[in-house]
Amino acid sequence: MPLLLQLFRGFLVGLAGLLPGLCGSTLLVLFHLYRPLTAALAHPFDHFRRNLADFGPFFLAAGAGLLAGSWILATVFVRHETATIYLFMGFMAGALPDLFRHARRAKGRPAGWIAFAVLLLLCLSLTLVQNHLAPRGAALEENWGLWLIAGAGIGLGSIVPGASVAFLLIYFGLYPSLLAGVARFDPRILLPVALGAGAAILLFARAADWLFRKAEGPATRGVLGLVAGSILLVYPGWPGGAHGWRCLLLFAIGATLSAFLNKLAPPPP
């Protein structure tokens, strides 16, 4: 792959890394990079020098894109939280039809739909533990354990196509702090998130590759349940008035863009 194209694609993947519905793994599938990248991550020490040459610039550009995206989102989300959530919901809703079609076509027994129900109910059950995991008003920057878990979730979302944990971070009130922390290079947030994401990618890249090859039905249906549950979890209510119509317009824009990108992408691995 030409270096400039590699840098451009890496920057876009990083830029979309924290966008629900347009997460980095979705773009990896679109760019036909998902299989070679997950294969390299599943066996990081096999052909190490070749993999470093092939994907090193890509990861550097992805890091730059993530920083740029965090800076933009940190500003926009604080000022226009409800409108931004509607846009994000549109991103996710646009991906739902394609996810549902793939879940129906996926190999496996009908009992695989149990994974859909389990992930959907698991998302909704988070309302019972919200105050215990991330109490409102708490000093989140000092909670390394919480940011390690958040980083691990981001790492998993980056290797499982369609599975974005950004909505869960929004629900628990971690999303604005995460964006601001990454944008200003706050080590109290950046280090545990990076460690958690890196560990999750290295530990679960092989498992994710195996899961989508050997248990495609339950895996894709579980992702569908996670997406549907996440949308229900963060729905902010109808704001009403002119602001409500603007939110609906953003929802429609997000859904259209997401559906268009999913149409361009090859079938998930």
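The values are calculated or read from the model by the stated rules, or taken from the named source; none is laboratory data. Predicted model only: the values in this text are computed from it and were never measured. Cβ sites come from the backbone with ideal geometry, for glycine too, and all protein chains shown count toward neighbours.
Check 159, 170 and return the single one that is of a type in the set (Val, Ile, Thr) and at pLDDT 75 or above.
Numbers: 159 fails: at pLDDT 75 or above.
Going through 159, 170 in turn, just one is of a type in the set (Val, Ile, Thr) and at pLDDT 75 or above: 170.
Identify all residues within the stretch 100-118 that are in a helix (DSSP H, G or I) and in contact (Cβ under 8 Å) with a residue 12 or more places away in the chain; write none if there are none.
Our first condition is that a residue be in a helix (DSSP H, G or I); within the stretch 100-118, this holds for 100-105, 110-118.
Of everything in the stretch 100-118, those that are in a helix (DSSP H, G or I) and in contact (Cβ under 8 Å) with a residue 12 or more places away in the chain turn out to be 100, 102, 103, 112, 113, 114, 115, 116, 117, 118.
Would you confirm whether or not the stretch 92-99 contains a residue that is at pLDDT 80 or above, surrounded by fewer than 16 Cβ atoms within 10 Å (Cβ to Cβ) and either among the hydrophobic types (A, V, I, L, M, F, W, C) or assigned to a helix (DSSP H, G or I) (or both)?
Taking the stretch 92-99 as the starting set, the residues that turn out to be at pLDDT 80 or above are 92-94, 96-97.
Checking which are surrounded by fewer than 16 Cβ atoms within 10 Å (Cβ to Cβ) leaves us with 97.
Imposing the further condition that a residue be either among the hydrophobic types (A, V, I, L, M, F, W, C) or assigned to a helix (DSSP H, G or I) (or both) reduces the set to 97.
Checked against the condition, which is being at pLDDT 80 or above, surrounded by fewer than 16 Cβ atoms within 10 Å (Cβ to Cβ) and either among the hydrophobic types (A, V, I, L, M, F, W, C) or assigned to a helix (DSSP H, G or I) (or both), the stretch 92-99 yields at least one hit.
Being among the aliphatic types (A, V, I, L, M) and surrounded by 14 or more Cβ atoms within 10 Å (Cβ to Cβ) is the filter here; which residues of the stretch 56-75 pass it? Break it down stepwise before answering.
Within the stretch 56-75, the subset among the aliphatic types (A, V, I, L, M) is 60-62, 64, 66-68, 72-74.
60, 61, 62, 64, 66, 67, 68, 73, 74 - these are the residues of the stretch 56-75 that are among the aliphatic types (A, V, I, L, M) and surrounded by 14 or more Cβ atoms within 10 Å (Cβ to Cβ).
Which numbered condition trips up residue 45, out of (1) part of a helix (DSSP H, G or I); (2) within 26 Å of residue 208 (Cβ to Cβ)?
(1)
For the stretch 247-255, does any single residue satisfy the condition of being crowded, with 21+ Cβ neighbours inside 10 Å and within 30 Å of residue 44 (Cβ to Cβ)?
no
Scan the stretch 212-233 residue by residue and report those that are assigned to a helix (DSSP H, G or I) and hydrophobic (A, V, I, L, M, F, W, C).
If we filter the stretch 212-233 for residues that are assigned to a helix (DSSP H, G or I), which is where we start, we get 212-214, 216-233.
Result: 212, 219, 223, 224, 226, 227, 228, 231, 232, 233.
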